[in-house]
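Read through the structure below, which is laid out as C-alpha cells, and then see the notes.
Every read-out reported here was derived from the displayed coordinates using simple, explicitly stated rules and does not represent laboratory data. Remember, it's a predicted structure, so these values are computed and weren't measured experimentally. In this analysis, Cβ positions are derived from the backbone assuming ideal geometry, glycine residues included, and neighbour counts consider all displayed protein chains.
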Number of protein chains: 2
Amino acid sequence: MRIDVYFTPLGPKEGDLAGRGVVVIDILRATTTIIAALANGAKAVIPAATSEEAVRLTANLEKDGFLLAGERKCLKIEGFALGNSPREMTPEVVAGKTVFLATTNGTPALVAAQGGDPVLVGAAVNFGALAERAGAVFRERGDLAVICAGREKQFALEDAYAAGRLVKVVKKGIRKIALNDAAEVALALTERYAGWDDALKRCAAARQLQELELGDDVAFSATPDRFSTVPTYAERRIT
Amino acid sequence: MRIDVYFTPLGPKEGDLAGRGVVVIDILRATTTIIAALANGAKAVIPAATSEEAVRLTANLEKDGFLLAGERKCLKIEGFALGNSPREMTPEVVAGKTVFLATTNGTPALVAAQGGDPVLVGAAVNFGALAERAGAVFRERGDLAVICAGREKQFALEDAYAAGRLVKVVKKGIRKIALNDAAEVALALTERYAGWDDALKRCAAARQLQELELGDDVAFSATPDRFSTVPTYAERRIT
C-alpha cells in the first residue's frame, strides 16, 4: 500500500502517474471553483493553460453554450465573463454551460495528472465526498497519488494541508503503508493546524487574495463539505 | 525582514535570488560531500550537471591536479576516481586537488542559486558555522533564501528539516518576520522530529542509501558540526 504526495505539478515524472488513482488539489482557488461550477449545474469544465488557449478552444462554439472564466495574477481576465472565483459559479450563471477555465496553477496540476485513472478533483468544499471516493480507489488499488497545484511552481501550505488531511483519512486502519517524504510531511501538517480555517488563514495565497479584496473567496474555500460532487478529469474535460 | 525557503531548485524564478544571500542544502549527499572535501584540503569543488560535463571540463587539465567524483542513481560513475560519498573525501585523497563533482540533485540546486551573493553551502556537518554565517548575512540584509536540493524535482524531508533548523536559529529574537509557506512548514518540522538522526532516518533518500549499503554515509551526514568550513559558491567554483 502506497501514497505519494507531490507538492507541485513539477514533481511527477513522465509515466509516474500512468494508470494510478490521482487526486488534484488547488484550494485557492481552481479546484474549489471547478467543484462549485459542476455542483451548480455546469455541463463540464475545460481547463486551459492560458487565456489565449481558452479563447481558441471556444472559437467555433455556439455563444450561448459556454462561458469563459479565469484569472491572471488572481484577477478576472479582461473580456471574460467570469474570474476564478467559486462565488461566481452560481446555478443562475453556470447551469447547462460548459465553462472554459484559464488559471495559473490549477491547469498545470491537471495537466500533470493526465494519464491517471481516475483523476479526482478535490478541495475543502467537497472534502467528505472526496475522501470517500479516494479511499475507495486506494483500498481497491493499494495506491494513490495526490498532486498539489502549489503556487507558481512553489510549495503552497493550503494544498499541502489538504493533502495531509486526505492521507490521514485514507490510510486510517491500514497498518503497513509506504509514504513518500511529502506525504509524511503533509500528514504532520494536520497536527500543526487546528483546521481548514487555521491552515487557510496562514498561507501566502490567502494573504494575496485578501489584499485584492477577495477574502470572501478564502472563507468560501475554507468551508468543508459545501458540495458532495467529486468531479473527474478525463480527455481534457472535467465532469 | 524576510526568509524564503524553496523545497526544490525549481521554485525560484529567474531573478528571484539576484543579489540575495542564499543557502544551498543537499544533505544526502552533495553538500555534505562538498563540505568534507573543502574542510579536508581540496582546493575547490566544481559542480557539474552530468558526468559528461565533468569529463569535458577536465579535458585540458593536468591529470594530477584534479579528481573526478560523482554519482548516478547514488552509485559511483564508472571511470571516476570517487563517488559522491563524504567519507571518501579524506585529506589523503583530496588535499590540494580540485574536485569536479557530478550529482543528480546537488548541482541543479547550486545552478538555481546563481546570482545569489553570497551563496553558502550548508549541511548538518557544518550546521553551527553555517547558522552563524547565514545569521550574519540575514541581520545585515534583512533577507535570506534557502534552496533545498530535494530529490529528482521532489520534496526531500532531510533538506526541508535542515532548512527549518536554519530558519529557527536565524530568526531567533526577531519579532516581525515574513516567511513564505515553505519556510513556515520547514519551521514546523523542527518540532516534528527529535533531531538530525530522527529526521534523516525517516527520509526516502536514507532508505535508498541503506539499500545500496551506503548507510554509513547517512550516519556521517547526520552528525552535526564535524566541520567549521562554510564553502561559498561563485563563478561556478565552490571554495
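Can you give the local net charge around residue B:23? Use residues other than it whose beta-carbon is closer than 13 angstrom to its beta-carbon, Lys and Arg +1, Asp and Glu -1.
Spelling it out: positives minus negatives among the neighbours equals -2.
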Calculated label separations, residue B:177, copies of the chain, 7 Å along the beta-carbon direction, nm: 3.3
From zero outward in steps of 10 Å, how is the percent of C-alpha pairs of the protein assembly as shown spread across the bins? 4, 20, 28, 23, 15, 7, 2, 0
Could you tell me the distance between the Cα centroids of the range A:1-43 and the range B:201-235, to the nearest Å? 34 Å
If you average the C-alpha positions of the range B:132-157 and of the range A:121-183 separately, how far apart do those two centres end up, in angstrom? 28 Å
Radius 14 Å from Cβ of residue A:113, net charge of other residues (Lys, Arg +1; Asp, Glu -1): -3
Measure nothing fancy, just the Cα-based angle from helix A:157-170's long axis to the longest principal axis of chain A, in degrees from 0 to 90, nearest 10. 50 degrees
Binned at 5 Å starting from 0, the alpha-carbon pair-distance distribution of the range A:102-239 in whole percents comes out as 2, 9, 18, 24, 23, 15, 7, 2, 0, 0
Calculated Rg and Dmax of chain A using C-alpha coordinates, Å: 16.6, 54
What residues have an amide H closer than 5 Å to that of residue A:70, excluding those fewer than 5 places away on the same chain, when H is modeled at 1.01 Å from N in the peptide plane? A:77, A:82, A:83, A:84, A:102
Considering the convex hull of the alpha carbon atoms of the range B:33-106, report its projected area averaged over all viewing directions, in nm², one decimal. 4.2 nm²
Out of the DSSP beta bridges found with both residues in the range B:32-114, what percent are antiparallel (nearest 5)? 15 percent
Calculate the spin-label point distance for residue A:111 paired with residue B:95, positioning each point 7 Å from the Cα along the beta-carbon direction, and give it in nanometres. 5.4 nm
Step through the residues of the range B:93-104 one at a time and calculate ³J(HN,Hα) from phi using the Karplus curve (6.51 cos²θ - 1.76 cosθ + 1.60, θ = phi - 60°), rounding each to whole Hz and writing x for Gly and Pro. 8, 9, 3, x, 9, 9, 9, 9, 10, 9, 9, 5
Give, rounded to the nearest 20 debye, the magnitude of the charge dipole that the range B:1-157 has about its Cα centre when Lys and Arg contribute +1 at Cβ and Asp and Glu contribute -1 at Cβ. 200 debye
Chain B, Gaussian network, Cα under 10 Å: of B:226, B:202, B:165, the residue fluctuating most is B:202
Pulled fully out, how much extra length does the chain show between residue A:174 and residue A:234, if you take 0.36 nm times their separation in residues and subtract their Cα-Cα distance? 18.7 nm
Please give the average number of partner chain Cβ atoms lying within 10 Å of the Cβ of each residue in B:181-194, rounded to a whole number. 5
With respect to the symmetry axis carrying chain B onto chain A, which residue of chain B exhibits the smallest Cβ distance to that axis, and what is the value in whole Å? B:10, 2
What's the long-distance tail for the range B:1-132, i.e. % of Cα pairs beyond 26 Å? 21 percent
Where does the charge balance sit around residue B:220 when Lys and Arg score +1, Asp and Glu -1, over other residues with C-beta under 9 Å from its C-beta? +1
Net length gained if the chain between residue B:198 and residue B:72 were fully extended (0.36 nm per residue, minus Cα distance): 42.7 nm
If I build a Gaussian network model for chain A, linking alpha-carbon pairs within less than 10 angstrom, which residue out of A:113, A:186, A:81 has the largest mean-square fluctuation? A:81
Can you tell me how the range B:57-99 classifies by the Cα gyration tensor, rounded, prolate or oblate, using a/c under 1.5 as the rounded cut? oblate
In the protein assembly as shown, taking the dipole from +1 charges on Lys and Arg beta carbons and -1 charges on Asp and Glu beta carbons about the Cα centre, the listed residue (B:68, A:148, B:224) farthest towards the positive end is B:224
Report the residue, chosen from A:121, A:137, A:23, that carries the largest GNM mean-square fluctuation when chain A is represented by alpha-carbon nodes joined by springs under 10 Å. A:137
